[in-house]
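Nothing in this text is a laboratory measurement; each read-out follows from the coordinates by a stated rule. Only a predicted model underlies this, so the values are computations on that prediction, with no experimental measurement involved. So basically every Cβ, Gly included, is an ideal-geometry build from the backbone, and we count neighbours across all protein chains shown.
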Amino acid sequence: MSNPRKWSNVAVALQSALGAAITITAVTKAAEGVVSATNTLANGEFVLLAVEGMWQLNDRVARVKAVSGAGFTLEGIDTTLFDTFTSGSAQKITFGVSVTTATEVSPSGGEFDFIPTTTIHAAQQTQIPGTPTAGVYTFTNVWDISDAGLLAIKAASDTQTKRAVKFTFGAGGPIMCFNGYPAGQLLPGGQAQALVTTPTVITLSGTPSYYAS
């Protein structure tokens, strides 16, 4: 455990806008996938991918590097064993909303739904992993009906629309980003003489991406 982290000085940012779709014509299978596209992005920007064929990239948030007029590289995303790309697009993400009310965060999901394979000839049960369940982040937040982050979550919840999310663990620290469905109705809760809180949930859609800084 070379660099343990704690939940302190963590910035949580929510997508406020998506740029125009950039058509992708190819994605290589490599240690870091190289995207062919007529590019308008800059190094270090984040994109939301919509991809067919190479389904492992669909709904994924990625940071771009090695930008040129002909494309960009998906930083830190190994596409070597992915399926073959057929079509897709990328949209620049603006993380313009900060979530600043969270007091607790709890992840869940990601476990496999197992498929029974036991035959009538076996003396014990057998099974194989199926698809994993969606990851879920559950937050406890300070109840503040004027907070921009909570209002953005409620707006996405009301319209059942996805938002890109980015966690940054301290200045220059690790980054986790993903796309997901926010849910929350600003319902107040708590105990007598305690802080009024409200729950929110973000259910992941697609695979998270991680960056060292």
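Multiplying the residue separation of Ala70 and Thr138 by 0.36 nm and removing their Cα-Cα distance gives an extension gain of 20.5 nm. The modelled label-to-label distance between Lys6 and Leu81, using points 7 Å beyond Cα along the C-beta direction, is 3.7 nm.
In which sequence would Met54, Met176 go, from the one with the fewest C-beta neighbours within 10 Å to the one with the most? Walk me through the numbers before you get to the answer.
Numbers: Met54 22, Met176 15.
Going from sparsest to densest Cβ surroundings: Met176, Met54.
Relative to the Cα centre, the charge distribution of the stretch 17-94, modelled as +1 at Lys and Arg Cβ and -1 at Asp and Glu Cβ, gives a dipole magnitude of about 160 debye. Listed by chain and number, the lysines whose C-alpha is less than 30 Å from the C-alpha of Lys29, apart from same-chain residues fewer than 8 away, are Lys65, Lys92, Lys162, Lys166. Legend: ranking of residues Ile22, Ile202 from fewest to most surrounding C-beta atoms inside 10 Å; resulting order Ile22, Ile202.
Quick check: from the Cα gyration tensor, does the stretch 15-58 come out rounded (a/c under 1.5), prolate or oblate?
Numbers: a/c = 1.65, a/b = 1.42, b/c = 1.16.
Taking the square roots of the gyration eigenvalues as a ≥ b ≥ c, the stretch 15-58 is prolate.
By the beta-carbon count within 10 Å of each Cβ, the least crowded to most crowded order of Ser68, Ser87, fewest first, is Ser68, Ser87. Cα centroids of the stretch 9-83 and the stretch 175-206: 28 Å apart. Sequentially through the stretch 67-83, phi angles give Karplus couplings (6.51, -1.76, 1.60; θ = phi - 60°) of 6, 9, x, 9, x, 7, 10, 7, 4, x, 10, 7, 9, 3, 9, 6, 5 Hz, Gly and Pro residues having no value and appearing as x.
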